[in-house]
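Working notes for the structure below.
Read-outs: derived from the displayed coordinates by stated rules, not from any lab. Predicted model only: the values in this text are computed from it and were never measured. Counting neighbours? That spans all protein chains shown, and the Cβs are built from the backbone with ideal geometry, glycine included.
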Amino acid sequence: MYKYGIQCALEQLPERIPAIFRGTIREVAEASGKAGYDAVELYIHDPKEKNAAELKAAAADNGLSYCGVCTGLEYILNGLCLTSDDSTVRRRATDRLKEHLELGAILECPVVVGTMRGNIPGSEFKEEYLNRLADGLRLLNDCAAEIGGELLIENIHQYTSNYLCTVTEVGEYVRKLALSHLKLHIDTHSMHIEDKDPLGAILKYGDVLGYVHFSDSNRGYPGSGVIDFKAYYHALLDVDYKGYITAECQPYPNPEACAVRALNYMKCMESAAFIERMQFRE
């Protein structure tokens, strides 16, 4: 039933960053197709430097689509943040995300807003920063509506982000904003750390769920840690989720083995969940 994506970077990054394949688009597309995936998720920055036609051709040549564009490198490498105290930085961040949305529209995939939301200096400033983030998301939603794009906002654990860490927080925020082109993006690694009832959160916010990242408790491939992924499949089926499930994992023991083990395990857990839900007759 589900289609599977794999996160890839178009440059060499530190090993601990959870992008499985790294290299040119031809290299990562060939490796992803060979491993059996349906789609590639790009972890990139500076989208205007990317050749959209080349990206589409490389994917198509390997039987792939695109399932997402992740933008965290804009914060890590370029310092762009939607909640910065500097209004010029906020404007530049919004403009850059519009460029990502334009690329995403060409590739027919959504754009993830994760670490680009930045951090807050203290809990007393939370409302102010959430309002700044909302202002940026409204501008981006208008852009997405105009060009046919889609935005996703992700739950991120406390070791990277100090607010909007749980699915409950992000789900409530998305519902409150009620933007036509903004949905919830969940990440199982962060949920394992932050959510008291991760499966219940999926059931509660399934109506705004737009995208799913699977990685295990250790940020390895699904099956390398302690998360019960079969239970996650049941929850996703309960809310009638029909989008991609994407492996976002640290590339251990090596990228090829990580990719294959992740996909094999996810498909096995999906099948097991379907079997458990079947109605048998005597």
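Roughly speaking, what is the centre-to-centre gap between the stretch 249-282 and the stretch 158-179 when only Cα atoms are used, to the nearest Å?
What the calculation gives is 28 Å, centre to centre.
Relative contact order of the stretch 4-277, please, whole-number percent, based on alpha carbon pairs below 8 angstrom and at least 6 residues apart.
Numbers: 541 pairs, mean separation 49.1, N = 274.
Once divided by the residue count of the stretch 4-277, the mean separation gives 18 percent.
Q158 to S217: extension gain in nm, 0.36 nm per residue of separation minus the Cα-Cα distance? Could the numbers behind the result be given before it?
Numbers: separation 59, 0.36 × 59 = 21.24 nm, distance 1.43 nm.
Using 0.36 nm per residue and subtracting the Cα-Cα distance, I get 19.8 nm.
Which shape class applies to the stretch 4-277: rounded if a/c is under 1.5, otherwise prolate when a/b exceeds b/c and oblate if not, where a ≥ b ≥ c are the square roots of the Cα gyration tensor eigenvalues? Could the numbers behind the result be given before it?
Values: a/c = 1.56, a/b = 1.16, b/c = 1.35.
Note, shape of the stretch 4-277 comes out oblate.
Between the DSSP loop rule and a limit of at most 10 other Cβ atoms within 10 Å, which trypsin sites (Lys or Arg not before Pro) in the stretch 1-47 are left? It would help to have the intermediate numbers written out before the result.
Working: sites: K3, R16, R22, R26, K34; in loops: K3, R16.
Loop-located and lightly packed - R16.
Assuming 0.36 nm per residue, please report the length gained on full extension of the stretch E128 to K34 beyond their Cα-Cα distance.
Numbers: separation 94, 0.36 × 94 = 33.84 nm, distance 4.69 nm.
Extending this stretch completely gives an extra 29.1 nm.
Kindly give Rg over Rh for the stretch 1-114, based on alpha-carbon atoms, with the Kirkwood expression for the hydrodynamic radius.
Rounded to two decimals, Rg/Rh equals 0.99.
Please work out whether the stretch 121-264 counts as rounded, prolate or oblate from its C-alpha gyration tensor, where a ≥ b ≥ c are the square roots of the eigenvalues and a/c under 1.5 means rounded, while otherwise a/b larger than b/c means prolate and anything else oblate?
Values: a/c = 1.74, a/b = 1.52, b/c = 1.14.
The shape class here is prolate.
For the chain, which DSSP H helices look membrane-span-like by this rule: Cα extent along the axis of 18 Å or more and mean Kyte-Doolittle of at least -1.0?
In the chain, the long hydrophobic H runs are 87-107, 126-147, 255-277.
Can you give the helix-only mean residue ellipticity at 222 nm for the chain, where every DSSP H stretch with n ≥ 4 adds -39500 (n - 2.57) and the sum goes over all residues, rounded to the nearest 500 deg cm²/dmol?
Numbers: 10 runs with 128 residues, N = 282.
Helices in the chain give a 222 nm mean residue ellipticity of -14500 deg cm²/dmol.
Starting from 0.36 nm per residue, how many nanometres of slack lie between A231 and A53 once their C-alpha separation is accounted for?
Details: separation 178, 0.36 × 178 = 64.08 nm, distance 3.92 nm.
My answer for the length gained is 60.2 nm.
Place a +1 charge on the Cβ of each Lys and Arg in the stretch 4-277 and a -1 charge on the Cβ of each Asp and Glu, then give the dipole magnitude about the Cα centre in debye, rounded to the nearest 20. Each step should come with its number before you reach the end.
On the way: 27 positive and 40 negative charges, 18 e Å.
For this selection, approximately 80 debye.
Run the reach check for K50 against lysines, Cα to Cα strictly under 30 Å, same-chain hits fewer than 8 apart removed. What comes back?
By straight Cα distance, K50 reaches K3, K34, K98, K183, K242.
What is the stretch 82-202 by shape, rounded, prolate or oblate, if you read a ≥ b ≥ c off the alpha carbon gyration tensor as root eigenvalues and call it rounded for a/c under 1.5, prolate for a/b larger than b/c, and oblate otherwise? Working shown, then result.
Working: a/c = 1.88, a/b = 1.23, b/c = 1.52.
Oblate, since a/c reaches 1.5 and b/c is not below a/b.
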